[in-house]
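> Would you mind keeping the following structure in view while I ask a few things?
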Amino acid sequence: MAAPIDLHEVTEREREERFRTRWRVKACASTACQSAGAGQTIKAIEDAVEAEDMMLEVQVIPTGCMGLCSAGPLVRVLRRGGDKAMYQKVTPETGIKILKSHVLDEETLPEHEIDTEIPFFSSQERVVLANGGVINPDRIESYVAHGGYLALEKALKTMKPKHVLEEIRTSGLRGRGGAGYPTASKWSLLAAAPGETKYIVANGDEGDPGAYMDRTIMEDDPHRLLEGIALAAYATGANQAYIYVRAEYPRAIERLDRAIRVARRNRLLGRKILDTKFDLSVEVRIGAGAFVCGEETALLASIEGRRGIPRLRPPYPTEKGLWGEPTMINNVETLANIAPIINNGGEWFASLGTPKSTGTKVFALAGDITHTGLIEVPMGTKLRDIVEDIGGGVPDGKGFKAAQTGGPSGGCIPAKFLDTPVDYDSLRELGSIMGSGGLIIMNEEVRMPDVAKYFMEFSMDESCGKCTPCRAGTVQMHNLLQRITDGDGTKQDIRDLEHLCSVVRDASLCGLGQAAPNPVMSTLQYFRSEYSALLREEVAHG
Amino acid sequence: MSDTMRSVAGASNRQQGDHPSGDNRFDLVDKHLKRGRYAQDQLIETLHVAQDVFGFLSEDILVYVARALKLPPSMVYGVATFYELFTFDPPGDHSCTVCTGTACFVKGADEIVASVSNTYNVPAGKTAEDNSLTLKTARCLGSCSLAPVVVFDGDVLSHQTSESTVSLVGAALGGDA
């Protein structure tokens, strides 16, 4: 068995490497920037470094997501011990220009520079995404040099499992998958479960359209997720973990597979981790395009290779999960919060956000908004601050109409509630949910009944068919919405729709059906006049 | 372990690339099955590999996987048809996938689907009769900042319009579209 990695030595070596060259060019190689051409840009810069014989002067480092996806490809230039500059929409030609202007002329290139003092950057609080745009996700050394695996070392060598759990309890962390169940409560259920065999599952089945936080974590900071899983396993006594990833995320699957291999080689996973008695094996399991698999019992069925169909709870997975053994399912973002909590203490985490929703939340900001991308803000940040300051408002002089959170399980929040703090409880009061973090902004031209129909079509297609309220109810609600949006609806159709909403919400087996009416109910609540305006003129019956 | 022992039961001592079915692509499926030690919970992964190799899942392939994993064919069929990403028809020469996630929806993805569908006479989710084009929709590709997004033959294209996508597809299909 090889010796485990020496975290401190690696950190020291990386520090030397960092100061080896006067310039470091960090280029975002994340999916959004790749689609905007980052691959060619990075290649062009690397070629230019070689052609201009700057190898001793400059190192080019591909990184994960820098956040402002709408301005990609993004590039940062850092001078040793000094100033930094960030550039947007960097084509291969611009990249070479930026390189030469910094290295040869010691000057920035103002026409492509982004002001990093704008609220998009300055109003964020990055905990989960702290490594985004900083580390090279393909190198474990890069993660280690930024404090990676120190939390695991600290826990394994200086803390008992119950102390790790206690720290999570102090932090007040709640599940980031949507429902907001206290993480420590779930962990203690698994810790208390009898038996030798226990499983941990990281839920990376990010099915909500418009959400890509988990993908970014898995692609851009895979070791952060692995460290979180290892800490969860240590605290609860599990020795086997699965990461369930959507098949739509091939890059995340590849990166995680690789990260697992490298972590095992460095004795951060596998047997006798860091020369302690703790063993943990981690495997990636791939979904195949079923939204319902985000529901925990359906997800377990899918890991077992079966149709992803939910079952009744109880028994909860922490009693009877994978192959009948106690199993705990945590969302990817939840697990990405664990290492910072162990490093900095639960009290530090609890000091962020609000008393009941602690910490930060990552949102995928998209739709009719100036700055689209991935943002992380303290819980309790006002929706207005996210939309107007960080997001830069609705473009083209159009008005804001609604913010959609929680995808097909969430609702639309109108302008009059823009001052609501974004936390689990406030959003629920407004008839929406936090969800996994998709935040879609809609301008005044979007017809809300169309939005409701769009989400109902989604839920209808994704209903697994097991229980009748969801299987038949979503079809009937979709039919009614179709009729209304076609201009053929009647007042009775709206009454029927409302009735069906409550039936499907109350009688469905799992979260998919129970939450499917949310987009309809919230748009009926806040934008009822839009529905009424679409109704057919009714002939008075004598 | 010797090569003979590692090969599939009943096909001892054969050369790589000489599959008894006559189709060597099954070797790749076998390789995956072996690596997963024929565990039944590897079914979904195996179907992914088979679809990657063959482009779609024919009845023969489903039966082959069922026998290899010692699962009833009904279960393999049940799993394969449950999940959206498995397909049972050969794909067309070109593939056009329109993202219909929320951000793309808000920015008009539906119109793109409708225009491509009408112009090239191919229903969404299907392949054109002359097999030239498969038109698909995707739930969300997670590139919401680039909305609306279209993936044409593997290339991710950002900020598409009906016109841009239709002309792109037309160019790829050539004059005979």
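Just so it is clear, none of the values below were taken in a lab; they were calculated from the coordinates. Only a predicted model underlies this, so the values are computations on that prediction, with no experimental measurement involved. Every residue, glycine among them, receives a Cβ derived from its backbone with ideal geometry; neighbour counts consider all protein chains shown.
> For the pairs A:Lys97/A:Lys361; A:Lys160/A:Lys320; A:Lys89/A:Lys382, flag any whose C-alpha to C-alpha distance is greater than 32 Å.
Beyond 32 Å: A:Lys97/A:Lys361.
> Against the longest alpha carbon principal axis of chain A, how many degrees, from 0 to 90 and to the nearest 10, is the axis of helix A:92-103 turned?
Once rounded, the angle reads 40 degrees.
> Considering only the protein assembly as shown, what is the antiparallel percent among its DSSP beta bridges, to the nearest 5?
Within the protein assembly as shown, antiparallel bridges account for around 55 percent of the total.
> Please rank A:Met328, A:Met159, A:Met442, fewest neighbouring Cβ atoms within 10 Å first, as an exposure proxy.
Result, fewest neighbours first: A:Met159, A:Met442, A:Met328.
> Can you tally the net charge around A:Ile286? Count Lys and Arg as +1, Asp and Glu as -1, for every other residue whose Cβ sits under 9 Å from the Cβ of A:Ile286.
+1
> To continue, here is another question. Which of rounded, prolate, oblate describes the stretch A:147-349, given a ≥ b ≥ c as roots of the alpha-carbon gyration tensor eigenvalues and a/c under 1.5 marking rounded, otherwise prolate only if a/b is larger than b/c?
It is rounded, given that a/c, with a ≥ b ≥ c, falls under 1.5.
> Can you work out the Karplus-derived ³J(HN,Hα) for every residue in the stretch A:12-29? Use 6.51 cos²θ - 1.76 cosθ + 1.60 with θ = phi - 60°, whole Hz, and x for glycine or proline.
4, 4, 5, 5, 4, 4, 5, 8, 5, 10, 6, 10, 10, 9, 9, 10, 5, 10
> Show me, for the stretch A:364-375, the HN-Hα J-couplings you get by feeding each phi into the Karplus relation (A = 6.51, B = -1.76, C = 1.60, θ = phi - 60°), rounded to Hz, glycine and proline as x.
9, 8, 8, x, 7, 8, 4, 9, 9, x, 9, 10
> If you put +1 on each Lys and Arg Cβ and -1 on each Asp and Glu Cβ, how big is the dipole of the stretch A:386-520 around its Cα centre, in Debye rounded to 20?
400
> Under 12 Å Cα to Cα from A:Lys398, which aspartates and glutamates show up? Leave out anything in the same chain fewer than 8 places away.
Output for A:Lys398: A:Asp368, A:Glu444, A:Glu445.
> Could you give each residue of the stretch B:93-105 its phi-based ³J(HN,Hα) in whole Hz, using Karplus coefficients 6.51, -1.76, 1.60 with θ = phi - 60°, and x for Gly or Pro?
In residue order, the calculated couplings are 5, 10, 10, 10, 10, 9, 6, 10, x, 4, 5, 5, 4 Hz.
> Still on this model: Could you work out the mean count of beta carbons from other protein chains within 10 Å of each residue's beta carbon in B:143-156?
Whole-number average of other-chain Cβ neighbours for B:143-156 is 5.
> Given H placed on each backbone N at 1.01 Å, which residues far from B:His94 in sequence or on other chains put an amide H within less than 5 Å of it?
Under 5 Å from the amide H of B:His94: B:Leu133, B:Thr134.
> Just to verify a number: FRET efficiency for A:Thr91 and A:Asp396, C-beta to C-beta distance, R0 = 25 Å, to 0.05?
0.50
> How high is the FRET efficiency from B:Ser95 to A:Arg428, r the C-beta distance, R0 30 Å, rounded to 0.05?
In this case the efficiency is close to 0.15.
> Same structure again: I need to check one value: relative contact order of chain A, counting alpha carbon pairs closer than 8 Å and at least 6 residues apart, in percent.
Relative CO of chain A lands at 14 percent.
> Using the 10 angstrom Cβ neighbour count as an exposure proxy, how do B:Phe56, A:Phe291 rank, fewest first?
Starting with the residue having the fewest Cβ neighbours, the order is B:Phe56, A:Phe291.
> How many nm is it between the label spots at A:Glu166 and A:Glu111, if each spot is 7 Å from the Cα in line with the beta carbon?
Each label point is offset 7 Å from its Cα along the Cβ direction, giving 6.2 nm.
> Give me the distance in nm between label points sitting 7 Å out from Cα along the Cα-to-Cβ direction at A:Trp348 and A:Lys43, one decimal.
4.1
> Follow-up question, since we're still on this one. State the cysteines of chain A left without a partner when partners are defined as other cysteines whose beta carbon lies under 4.7 Å away.
A:Cys65, A:Cys69, A:Cys293, A:Cys412, A:Cys464, A:Cys467, A:Cys470, A:Cys501, A:Cys510
> Based on the mean of other beta carbon atoms within 10 Å per residue, what is the order of A:241-248, A:90-97, most packed first?
A:241-248, A:90-97
> Something else now. When the convex hull of the Cα atoms of the stretch A:280-415 is projected onto a plane and the area is averaged over all directions, what value comes out in nm²?
11.3
> Taking the Cα centre of the stretch B:94-173 as the origin, how large is its charge dipole in debye, to the nearest 20, when only Lys and Arg (+1) and Asp and Glu (-1) carry charge on their Cβ atoms?
With Lys and Arg at +1 and Asp and Glu at -1, about 260 debye.
> Can you give the FRET efficiency for A:Tyr181 and A:Leu418, using 1/(1 + (r/R0)^6), R0 = 25 Å, r = Cβ-Cβ distance, to the nearest 0.05?
For R0 = 25 Å, the calculated efficiency reads 0.35.
> If you wrap a convex hull around the C-alpha atoms of chain A and split its volume per residue, what is the figure in Å³?
It is 148 Å³ per residue.
> Take every Cα-Cα pair in the stretch A:352-443 and report what % of them are more than 24 Å apart.
9
> Report the extension gain between A:Asp461 and A:Arg495 in nm, rounded to one decimal, defined as 0.36 nm multiplied by the number of residues separating them, less their alpha carbon distance.
9.9 nm
> What distance in nm lies between label points placed 7 Å from Cα along the C-beta direction at A:Met55 and A:Arg261?
In this crude spin-label approximation the distance works out to 2.6 nm.
> Next question. Under a point-charge model restricted to the Cβ atoms of Lys and Arg (+1) and Asp and Glu (-1), what is the dipole moment magnitude of the stretch A:473-542 relative to its Cα centre, in debye to the nearest 20?
Its charge dipole is roughly 140 debye.
> Let me ask something else about it. Tally Lys and Arg at +1 and Asp and Glu at -1 over the other residues with C-beta under 9 Å from the C-beta of A:Lys398: what net charge comes out?
My count for the surroundings of A:Lys398 gives -3.
> Just counting partner chain Cβ atoms within 10 Å, what average do the residues of peptide A:431-443 show around their Cβ?
2
> Around A:Ser123, under 12 Å between beta carbons, what's the net of Lys plus Arg minus Asp minus Glu among the other residues?
Every neighbour counted, the sum reads -3.
> Would you mind giving the mean number of other chain beta-carbons within 10 Å of the Cβ of each residue in B:92-103, as a whole number?
What the average comes to for B:92-103 is 4.
> Moving on. In which sequence would A:Lys160, A:Lys320, A:Lys26 go, from the one with the fewest C-beta neighbours within 10 Å to the one with the most?
A:Lys160, A:Lys320, A:Lys26
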